[in-house]
Amino acid sequence: MKRILIVDGDGHSRLMMESGLRGAGLEVFGVSGQQEARKRLELEEFSLLVAEVDLPDGDGVRFAKEILAERPDSLKLLFITRRAAVEDKIAGLEIGAEDYLTKPIYLREFVTRVMGIVKKAESERPDESGDEVQEFTGILSDGLLYDILDGALEARRTGRMELRRKGRTGALFFDDGRLVDAELEAHPPSEAALRLLCWNSGEFTIGFNAAYRREALISNGGRVISCSRKLRQAYREILDMETALRDVSLADLYDVDDAGSGRADLRYLLDHLRGAAGNPEDHPVFDSEAVRALTES
């Protein structure tokens, strides 16, 4: 069984961990406190409990100790906390925790630690059936796509992520932890991948199955992912400029450029900064020629 329960009062941290583990092919549920966690544990079986030491409704260490006492053979424990003292780590390990991570959580390390615990748990249950094919569907938000994809690549999974936005549908294919192919309309694979990785709204469905395995049509998948991260960061800076220029008028442009030689260019830039929609691919300068240069250089 690969079902994980995360108990953390920090919603942002919890969502990041959930996304990374879903990307690694795990079934994940997140709750904010021990009361919700107890209800989940009464209804379903979990292989791993990821618990924050400081919960909004009580002591996370005491809560985890009680839960482990009730399920000594079926549940593993991973503690997360902002406390850095060695004594706190020892206290967590003494009650039976498999591992102990200090915040801020680094997603790749977190996924690696969890996968190690899950594999250990599976090895202790030799009579259980093998991997089940799983699919997860959700809503994209800024940065979520990377959290999910990072989890899949870190766990060396094979599968497909379908993305849907504004009536358009595309897909990213990964094999043994590598981005190997992408589909979006008639765009070449590397260009399709870069465009899809720049989407930060819409819906996604990710599935894990060897049947999704494909020939590696993208030879530089790591570079494409890195490039898309830098592109999105640059675009966020453009949006900051848009906020600063929100009250600038055409009269101000005349003051900036008395000679008039660059007035048309300034007006073009201002219009497009004002019209920025939050996705780099929506911007007029994000054309096929520019994308091709980014993926081939």
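For segment 80-87, the criterion of being part of a helix (DSSP H, G or I), open to solvent by 70 Å² or more (accessible area, probe 1.4 Å) and β-branched (V, I, T) is met by at least one residue.
Considering only segment 112-127, I want to know if a residue exists there that is at pLDDT 90 or above and either farther than 21 Å from R14 by Cβ or surrounded by fewer than 21 Cβ atoms within 10 Å (Cβ to Cβ) (or both). Walk me through how you get there before you give the answer.
Keep residues of segment 112-127 that are at pLDDT 90 or above, which gives 114.
Next, only the ones that are either farther than 21 Å from R14 by Cβ or surrounded by fewer than 21 Cβ atoms within 10 Å (Cβ to Cβ) (or both) stay: none.
No, because not a single residue in segment 112-127 is at pLDDT 90 or above and either farther than 21 Å from R14 by Cβ or surrounded by fewer than 21 Cβ atoms within 10 Å (Cβ to Cβ) (or both).
E45: within 18 Å of K119 (Cα to Cα), within 27 Å of the chain's Cα centre (by Cα) and open to solvent by 80 Å² or more (accessible area, probe 1.4 Å), yes or no? Yes.
Every residue, every condition in (1) under 17 Å from A97 (Cα atoms); (2) touching a His at 6+ places or on another chain (Cβ under 8 Å); (3) in contact (Cβ under 8 Å) with a residue 24 or more places away in the chain, yes or no:
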site: V7; (1), (2), (3): yes, no, yes
site: R14; (1), (2), (3): no, no, no
site: S19; (1), (2), (3): no, no, yes
site: F29; (1), (2), (3): no, no, yes
site: V50; (1), (2), (3): yes, no, yes
site: P56; (1), (2), (3): no, no, yes
site: K65; (1), (2), (3): yes, no, yes
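For beta carbons closer than 6 Å, sequence separation of 6+ or different chains, a first residue in segment 200-216 that is in a loop (DSSP other than H, G, I, E, B) and a second that is surrounded by 16 or more Cβ atoms within 10 Å (Cβ to Cβ) and of a type in the set (D, E, K, R), the qualifying pairs are R213/D175; R214/D181. Inspection of segment 148-156 finds a residue satisfying the criterion of being without any contact (Cβ under 8 Å) to a residue 24 or more places away in the chain, of a type outside the set (A, V, I, L, M, F, W, C) and under 21 Å from G116 (Cα atoms). When A192, A186, A182, A152 are screened for being in a loop (DSSP other than H, G, I, E, B) and of a type in the set (G, A, S), only A186 passes. Just one of (1) farther than 24 Å from G177 by Cα; (2) open to solvent by 10 Å² or more (accessible area, probe 1.4 Å) fails for R3. It is (1).
The values are calculated or read from the model by the stated rules, or taken from the named source; none is laboratory data. As the structure is a computational prediction, the values presented were derived from the model and not from experiment. Cβ coordinates were reconstructed from backbone atoms using ideal geometry, including for glycine residues, and neighbour counts include every protein chain displayed. To get the accessible areas, we keep the full protein, side chains included, count just its heavy atoms, and leave off ligands, DNA and RNA. Shrake-Rupley method; radii C 1.70, N 1.55, O 1.52, S 1.80 Å.
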